1. Where a Cα-Cα gap under 26 Å defines reach, which lysines qualify for A:LYS3, not counting those fewer than 8 residues away within the same chain?
2. For a paramagnetic label modelled at 7 Å from the Cα of B:ASN218 toward its Cβ, which residues of region B:170-190 fall within the zone defined by backbone nitrogen distances under 11 Å?
3. Could you pull out the trypsin sites (Lys or Arg not before Pro) across region B:1-57 that fall in loop regions by DSSP (anything but H, G, I, E, B) with no more than 14 other Cβ atoms inside 10 Å?
4. What ³J(HN,Hα) values, in whole Hz, does the Karplus curve 6.51 cos²θ - 1.76 cosθ + 1.60 give for region B:50-58 when θ = phi - 60°, with x put for Gly and Pro?
5. What are the ³J(HN,Hα) couplings of region B:2-11, residue after residue, when phi is run through the Karplus curve with 6.51, -1.76, 1.60 and θ = phi - 60°? Round to Hz, x for glycine and proline.
6. So for B:CYS33, A:CYS29, fewest C-beta neighbours within 10 Å to most, what's the order?
7. With just the Cα atoms of region A:21-86, tell me how far they stretch along each of the three principal axes, in Å, largest first.
8. Based on the Cβ-Cβ distance from B:SER29 to A:GLU153, what FRET efficiency comes out when R0 is 45 Å, to the nearest 0.05?
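Each reported figure results from applying straightforward, stated rules to the coordinates on display, with no laboratory input. Being a predicted model, the structure only gives us computed values, none of them experimental. Cβ: placed from backbone, ideal geometry, glycine included. Neighbour counts: every protein chain shown.
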Amino acid sequence: MDKAEAEAIRDVLAGDRDAYRVLMDRHFCSVSRIAFRITGNEADAEEAAQEAFLRAYNKLPNFRQDSTFSTWIMRIAMNTAINLVERRMRDFSYYAPRIADEPSATEHTVRIADTQAGPEASLLHREAISLRQAAMAELTPMERTAFTLRHMEDVPMAEIAAALNVTSNSAKQAVFRAVSKLRRSLTPIAGGLR
Amino acid sequence: MRHFSEEELIAYHLRENPDEVVVSHHLESCTECADLSESIAETLRVFSADPVPQPDLEQNWRRLRGSLRVLTPEHRRDVGFSLRHWAWPAIGFATAALIVLTMLSVRVHRTNEIRRNIAVNGHGPLTTEPIDPAIANHLDAAERLLTEVNNSSGRLDNTTREQAHTLLLQNAVYVHDARDSGDLAGAAILENFGRVLTTLDNEPPTPHSIWRLRLEMNTSGLLLDIRILQQNDDRSQGVSQ
């Protein structure tokens with residue numbers, strides 16, 4: 001493992017909380033990026049990344065330094081993000097604002113804007129995004145994670161499997177299932193199941 | 001001429017198919033496979049990577065730092081263990097029982113339609129009826145937890161144990177549903193999984209408890225059964241669409 005990181009871990013374990021900043025500066029962006037791919041939105045990605053770093057900090061005394069900190073934190077981040085997605089699926093109204101005549105921050109209400117009823121291209125773009133989001137929502141958290149990491153982040157299957165704590169074949173199957181489901185979800189538009 | 005399956009073509013597009021050249025040659029001469037391949041490629045293009053927002057490092061550090069306790073040797077001990085020794089299992093069990101009873105009483109009012117049985121071992125598709133999409137999440141979570149159990153040495157961490165507690169509540173509902181729909185094989189597998197979860201949730205962790213659990217409850221065999229249930233679930237979904 002990197003010498004600076006090993007020193008930072010030693011300092012943290014000796015009681016120096018600020019030494020953790022070294023590890024955060026090096027890995028927070030990549031952790032946040034992976035969390036964004038899994039959760040699909042910025043607020044949840046940031047929450048998952050924060051939680052992952054906090055969990056890693058608390059588990060640091062048990063960290064076996066035979067693997068790199070980066071692999072370890074990624075694994076924690078993926079599990080944290082998956083758990084967050086699962087929690088959100090159980091409580092899908094968590095972030096949903098209510099519609100009202102007047103928007104209010106305290107009441108968590110919003111007003112639907114009607115000034116943006118723009119050109120056809122804008123409508124189609126929004127429709128495409130909404131179709132993509134709906135299709136992604138059909139995937140299980142594990143399928144979504146395996147798919148986005150493999151396809152969007154180009155992470156090798158073995159690393160995905162290690163992070164998800166499943167066999168390489170299971171990770172591969174999860175990616176295949178995800179692509180198959182997404183293809184079927186796109187049936188109504190071009191490029192879907194023919 | 002042997003056609004390639006959807007799975008093989010997905011693997012080809014994700015560069016996971018070792019026979020890349022063979023597939024490539026085949027696609028040049030087979031319209032059917034070329035159409036399927038193009039459809040997969042289009043799907044992957046539609047879901048290509050969007051830009052990722054850059055986090056504010058300084059702000060995140062400030063937020064995180066407030067939650068960091070100073071790590072000293074006494075903090076390294078598992079202080080929760082003594083608390084959990086008898087109180088948490090009792091509280092957990094009482095809460096689980098209450099939530100399961102509430103969920104079951106709500107579900108009792110739902111229509112008890114009999115669905116066709118899904119075999120445990122076989123080469124589906126084994127049903128053409130739509131299934132509850134949430135079971136796919138449950139089976140995924142079950143697979144991850146059992147893999148953790150099968151690969152861990154020593155005690156499971158608190159997060160995994162909390163996950164076992166959450167799954168225990170959901171599992172009871174799926175066992176009930178499977179029995180109601182006549183899927184006795186599925187119910188039996190989920191019941192066995194429930195036993196593993198109950199043990200994880202209630203027994204105090206010891207250095208050898210995971211080994212004992214693996215041996216007594218054959219968690220490797222159970223993992224295989226769960227994967228077969230997943231396969232049945234995927235195939236039935238594919239046919240129903």
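1. Qualifying lysines at Cα under 26 Å: A:LYS59.
2. It comes to no residues whatsoever.
3. On the way: sites: B:ARG2, B:ARG15, B:ARG45; in loops: B:ARG2, B:ARG15.
Here the sparse-neighbourhood loop sites are B:ARG2, B:ARG15.
4. 8, x, 9, x, 7, x, 8, 4, 4
5. The phi angles translate into 8, 7, 8, 6, 4, 4, 5, 6, 4, 4 Hz.
6. Values: B:CYS33 22, A:CYS29 16.
By the 10 Å Cβ count, ascending: A:CYS29, B:CYS33.
7. Principal-axis extents of region A:21-86 (Cα, largest first): 32, 23, 17 Å.
8. On the way: r = 34 Å, r/R0 = 0.76.
It comes out at approximately 0.85.
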